[in-house]
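Encoded as structure tokens, the structure appears first; notes follow it.
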Amino acid sequence: MDEDPTAGVDDAPDEGATDEEPTIPADVRSYDKFTKIDGSTYDRANEFLRERTHITAREWAIARLCADFRTETGVEMTKIGENLPHLVPFMTDTYSPQAVNQARASFEGKVRKAGATFLYGAMCDFFTAEELDDVMYEATEVAKFLLEVEGVDLAVEDELEAEDRISEVMREVREHSVALRHDEVTCPDCGHRFEADASDD
């Protein structure tokens, strides 16, 4: 099982907290995401995510909050951290702004690496077109489920349209990857250019 990089210190309540209940901001009181899992434990949410994704429950929750509490000047990390138990039912401790930022950065890094892994798998000709469709279907179903748990109401028409668009994009990826394997490529790290080997040997 992967180690959770935000475990430990991130779970500890902020220093200086008092027993007096702080004033809860209006937008926190009206926040209604994650209500479908009210009463579920962190461990149950975390187990589901670890079986199907690379992210943890706290990374999922904080990434959602960072998207929802984004302003023109940035993310309201202090508000998210101080009100975390009021915003997400399975989170029981407050976080410091640094802990919120760490979880957000961990989420972003995992998404980028997963994206690169998936795209390489789609482009390297390892999967057949049918197998790639299966991968995309499974990934889409998990993503839709997470959105529904967050409280997003997905219309059937929107789901079908999204699936069609994803399938179209993946067909284009496969077509362009064939051309890429016959073309000159550049290493993203060192900038070295070399001729791609498209042989089956």
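For this structure, a couple of remarks:
- Counting every pair of alpha carbons in the stretch 58-158, the share spaced more than 19 Å apart comes to 56 percent.
- Computed over the stretch 24-109, the convex hull of the alpha-carbon atoms projects to a mean area of 5.6 nm².
- Ordering of 128-139, 101-112 by packing [mean C-beta count within 10 Å, highest first]: 101-112, 128-139
- The calculated FRET efficiency for Arg165 paired with Lys36, based on their beta-carbon distance and R0 = 30 Å, is about 0.70.
- Sorting the segments 70-77, 90-97 by their residues' average number of neighbouring beta-carbon atoms within 10 angstrom, most packed first, yields 90-97, 70-77.
- Viscosity 1.002 mPa s, temperature 20 °C, Stokes-Einstein D of the stretch 19-68 from Kirkwood C-alpha radius, µm²/s: 170
- Radius of gyration and maximum dimension Dmax of the stretch 102-187, Cα, Å: 15.3, 46
- Placed amide H near Thr94: partners under 5 Å, 5+ positions off or other chain: Asp14
- A simple rule links phi to the HN-Hα coupling: the Karplus curve 6.51 cos²θ - 1.76 cosθ + 1.60 with θ = phi - 60°, which for the stretch 158-169 gives 5, 4, 5, 5, 5, 5, 5, 5, 5, 4, 5, 4 Hz, with x for Gly and Pro.
- Rounded to whole numbers, the Karplus 3J(HN,Hα) couplings from phi for the stretch 70-77 are 8, 10, 5, 9, x, 8, 7, 5 Hz, using 6.51 cos²θ - 1.76 cosθ + 1.60 with θ = phi - 60°, and x at Gly and Pro.
Where a number appears in this text, it was derived from the coordinates with a stated rule and is not lab data. The shown structure was predicted, so the numbers you read here are calculated from the model rather than taken from an experiment. Note that each Cβ is placed from the backbone with ideal geometry, even for glycine, and that neighbours are counted across all protein chains shown.
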